[in-house]
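To keep things clear, I will list the structure first and then write my remarks on it.
The values are calculated or read from the model by the stated rules, or taken from the named source; none is laboratory data. All figures in this text were calculated on a predicted structure; none of them were measured in a lab. All Cβ positions, glycine included, derive from the backbone under ideal geometry; neighbour counts span all protein chains shown. Side chains are part of the model used for accessible areas, which takes the heavy atoms of the whole protein and leaves out ligands, DNA and RNA. Shrake-Rupley method; radii C 1.70, N 1.55, O 1.52, S 1.80 Å.
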Amino acid sequence: MKKLFGLAAALSFLIGESVAQDQIVHDGEFAFLLAQKGEAWAQQDGRLDARLAELKDANGGKPPNILYILIDDVSFGQMGSRKMNYVMGIDTPNINQLAADGLSLMRMYTEPSCTPTRTAFLTGRHPIRAGVEEVKVALVGEGLSKDEVTLPEVLKQEGYNTAHVGKWHQGDIEEAYPHNQGFDWAAFPLHQQVQLSLMTREAMQANNMLGYHASGQSSSFAIDQRFKPYGLVTGVEATAGGPAREVDMAPGEEWTQAKYEEMNERYQRQILEQLERLAGEGQPFFLQYWPLYPLNFVYPDEALSRNGGFHADKLQLLDGWIGELLAKVDALGLRDNTIVVLMADNGLMYHYEGTSGLNQLIYRGGKTQHLEGGVRTDAFIRWPGAIEAGSAAGDIVHVSDLFTTLARIAGATAHIPRDRVIDGVDQTALLLEGEGNSRRDYVYVYEGPVLRSVVKQEFKMHLPAPGQPGAAANVFNIYRDPREEFPLVGYSLWSGASFQDMVKRHQKTIAKYPHLPLGKNTPYEGIENLRPETELTRDVFKSWQ
């Protein structure tokens, strides 16, 4: 693949001239870096290609399998560290061992909440480019567009078999379901844990969900009987090319905490079943496990952990399940040619800090926020024989980088679309040659549709209000002030113009490649056994749309 580098090439991109057809279109900031580092990176790519060929030959000509585990709402420092286990009062020995067996990414940036992060991973793009802005709870008639190209779709073109188990949260319309976005088989809930664990009698009794359950108040003056969500689809299963089918939910049945726990147990069984099935098919595979735990809003009958909080305790439980999954990888003889990635999607749900058992620890903030505590998470990658065990990297990485990196390792780079911006940077060099080899030193951080901050090296600007100069913006040194509490004018005076230039380069790319629209359609189409109450809620929704 040709390499675009040199100042003239970068500048031509920034002012709007066409990019060569075989080039992946990246953000303007990457083009700016490429003008400075392109020649060295091109030389390094030759070594990387040779190393990838060696690894493939050593495994009978097969590219590696990929197991991607994405955990919900766990802040940086809460996984993979024995020391932090003692601080928090939980034990996660299996995740700790995975970290010890591979590479710990110490500056992994995500999006501030779960739906956007998952979109960024699947598409390699900032979610705003796909029209994805925020987390949705009930019916919306929206979701990931069929026009987006996902990682499983890219990998399938290179012969990979694919399966998804667990949380999905990419929309309630048919085109957005995982079996219509590149997965051969999928088991997933239509919505997420607000519906599944919070909108229950038990969560109300635990004083965590207020005003929803009918037993909590008389509602004697309520006129609108459609204000509270009802009849929502719970969990479905589906095969590519066919309809989805809701499972384990009878007409008129009330969803309960017990059913939520059964759903989690079912997904754990199914991830093990899918691993065994895929291993037996002889093709490389991409297997995705997005557990619903540790998100849970009811205290256990008997705590497993010293902590006992309703999130912390389930994180310890989940660690045991992950250990079971990794043991299955080993038992099936897959360890040496399987890349295992484990990370969290965003920071903790700080709204329940204290009673959940999780807390902000090092970085301030959490879910929904652009602060480091909202977008910095633990991330570990194990690939025996390729990635040095026990290694760590302080380089900046964004979750979208996994799209481009895993595609390259799989030999599927040619299938990445060239008609849109791909924010994900190829980080193969970081994986194979270690710390100091990242190809990004920046991140743009959105809250919904709004660009809220820009990270560059160890500096971070909270964007000024419209019309305010960059010199008036808060700029932090993340090393010196990890909680972003003490902006110093000595940073902003020299960096303000540079940060504003970064924003302008970003905006120029958006102007050249406008955002694609979010998919929109009738919710719940493609599910063959809707319950009567579900058909009613959909009809009511459609009546005012």
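Structure summary
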read-out: Some residue of region 310-323 being outside any helix (DSSP H, G or I) and closer than 22 Å to residue 262 by Cβ; value: yes
read-out: Any hit, region 514-531, residues being among the aliphatic types (A, V, I, L, M), open to solvent by 40 Å² or more (accessible area, probe 1.4 Å), free of Cβ contacts under 8 Å to residues at least 60 places away in the same chain and within 30 Å of residue 372 (Cα to Cα); value: no
read-out: Subset tally (residues that are touching a residue at least 60 places away in the same chain (Cβ under 8 Å), under 30 Å from residue 282 (Cβ atoms) and touching a strand residue (DSSP E or B) at 6+ places or on another chain (Cβ under 9 Å)) for region 157-175; value: 9
read-out: All positions within region 292-318 that are crowded, with 24+ Cβ neighbours inside 10 Å and among the acidic types (Asp, Glu); value: 313
read-out: Checklist (1) surrounded by 17 or more Cβ atoms within 10 Å (Cβ to Cβ); (2) in contact with a helix residue (DSSP H, G or I) (Cβ under 8 Å, 6 or more places away or on another chain) applied to residue 497, failing item; value: (1)
read-out: All strands (runs of 3 or more DSSP E) inside region 346-452 with 3 or more residues being aliphatic (A, V, I, L, M) and either on the phi > 0 side of the Ramachandran plot or crowded, with 18+ Cβ neighbours inside 10 Å (or both); value: 391-398
read-out: Hey, residue 192 more than 27 Å from residue 542 (Cβ to Cβ) and either open to solvent by 10 Å² or more (accessible area, probe 1.4 Å) or under 15 Å from the mean Cα position of the chain (by Cα) (or both) or not; value: no
read-out: Matching residues, region 150-168, being open to solvent by 10 Å² or more (accessible area, probe 1.4 Å), in a loop (DSSP other than H, G, I, E, B) and touching a helix residue (DSSP H, G or I) at 6+ places or on another chain (Cβ under 6 Å); value: 157
